1. Based on other C-beta atoms within 10 Å, arrange 116, 244 from fewest to most.
2. Mind jotting down the three principal axis lengths of the stretch 53-142 based on Cα atoms? Whole angstrom, largest first.
3. I'd like the distance between the alpha-carbon centres of the stretch 75-120 and the stretch 169-241, rounded to an integer number of Å.
4. Rank these for me by crowding, 108, 147, going from fewest to most other beta carbons within 10 Å.
5. In the stretch 164-206, which residues have a backbone nitrogen under 12 Å from the label point lying 7 Å from residue 250's Cα in the Cα-to-Cβ direction?
6. As I understand it, the value is the acute angle between the Cα axis of helix 258-272 and the longest principal axis of the Cα atoms of the chain; what does it come to in degrees, rounded to 10?
7. Express the Stokes-Einstein translational diffusion coefficient of the stretch 98-237 in µm² s⁻¹, to the nearest whole number, given a Kirkwood radius over alpha-carbon pairs, 37 °C and a viscosity of 0.692 mPa s.
8. Give me 60, 48 sorted ascending by neighbouring Cβ count inside 10 Å, so fewest comes first.
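Coordinate-derived values only; no laboratory data. Bear in mind that the values here come from a model prediction, so they are computed numbers and not experimental data. As a convention, Cβ positions derive from the backbone with ideal geometry for all residues, glycine included, and neighbour counts pool all protein chains shown.
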Ligand SMILES: Cc1ncc(COP(=O)(O)O)c(C=O)c1O
């Protein structure tokens with residue numbers, strides 16, 4: 001059943017949004033681990049299995065209202081899936097360029113959504129470069145996976161929604177960072193509901209930690225390659241706006257290793273009976289690897305009565321993958 005209770009205003013109409021209103025539950029198991037009330041915002045229940053549809057759906061709707069004729073993008077991950085879904089819902093054509101390295105099942109999923117899929121180049125960077133060229137040459141609208149104000153605006157609904165559901169301000173928000181679109185969207189939402197003073201724990205995995213490195217250096221850093229299992233966090237360079245959030249928000253950037261992310265996915269499956277992907281495992285490692293407690297002990301976080309954890313996605317995971325991690329990391 002599709003929920004269209006979320007709406008965004010255009011100039012003179014209200015357009016139903018493409019994402020669902022997701023549940024925001026108190027997790028008994030996570031609360032037992034943390035010792036305080038721990039709420040989960042279940043973005044893994046979105047139509048394409050991740051929060052991405054919030055921002056990309058909003059971007060595409062707005063672009064269509066402004067006369068876009070065709071979309072082009074180059075993501076084979078959750079952003080690409082959300083883009084293909086949004087295009088189908090909006091009756092818009094979309095071209096998605098995937099590199100040769102992309103597994104064939106990704107192309108199959110995107111084609112099933114009605115997207116035109118072209119294989120181009122050896123890496124996502126090459127495919128992305130070409131998709132930008134095509135946008136310019138043919139006048140298509142390019143969809144950026146994380147670095148666009150409309151994407152952030154769409155993601156902000158995650159927090160405005162949670163504020164209504166929780167009816168109180170949490171003492172900490174826990175999320176993960178890839179290129180930073182989710183984090184920026186969260187802070188946009190925090191501004192709207194008066195939560196600017198809530199600290200945000202921003203999790204990454206080693207080998208996909210361009211944000212943490214940028215914060216340490218005080219400037220954007222481009223990783224040579226993504227070596228983590230959390231491919232979804234695999235932006236080589238974070239969005240500049242994400243780096244600048246430090247001025248106005250208390251962002252605590254923390255890096256865990258792949259083993260901790262994989263362990264968190266397995267623990268969460270045992271605790272909540274939900275399969276989530278490695279990026280979400282990075283978020284949940286804040287709890288299962290006691291990151292929050294360590295931040296408190298280190299004086300970086302104060303007393304906490306409640307936390308809001310963003311369960312960002314559960315599409316890019318399978319039982320086989322969890323089993324592989326179990327063996328690979330001796331879990
Ligand atoms: C499930 C999931 N979580 C987190 C992220 C990171 O989001 P962002 O790149 O906006 O920081 C992504 C990015 O694709 C994702 O798919």
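1. By the 10 Å Cβ count, ascending: 244, 116.
2. The Cα atoms of the stretch 53-142 stretch 34, 26, 19 Å along their principal axes.
3. Distance between centres, Cα-based: 25 Å.
4. Numbers: 108 10, 147 18.
Lowest count first: 108, 147.
5. Within reach of a label on residue 250, which here means backbone N under 12 Å from a point 7 Å along Cα→Cβ, the stretch 164-206 contributes 171-173, 196-201.
6. Compared with the principal axis, the helix lies near 80 degrees.
7. Values: Rh = 17.1 Å.
Rounded, D is 192 µm²/s.
8. Working: 60 29, 48 24.
Least to most surrounded, the residues fall as 48, 60.
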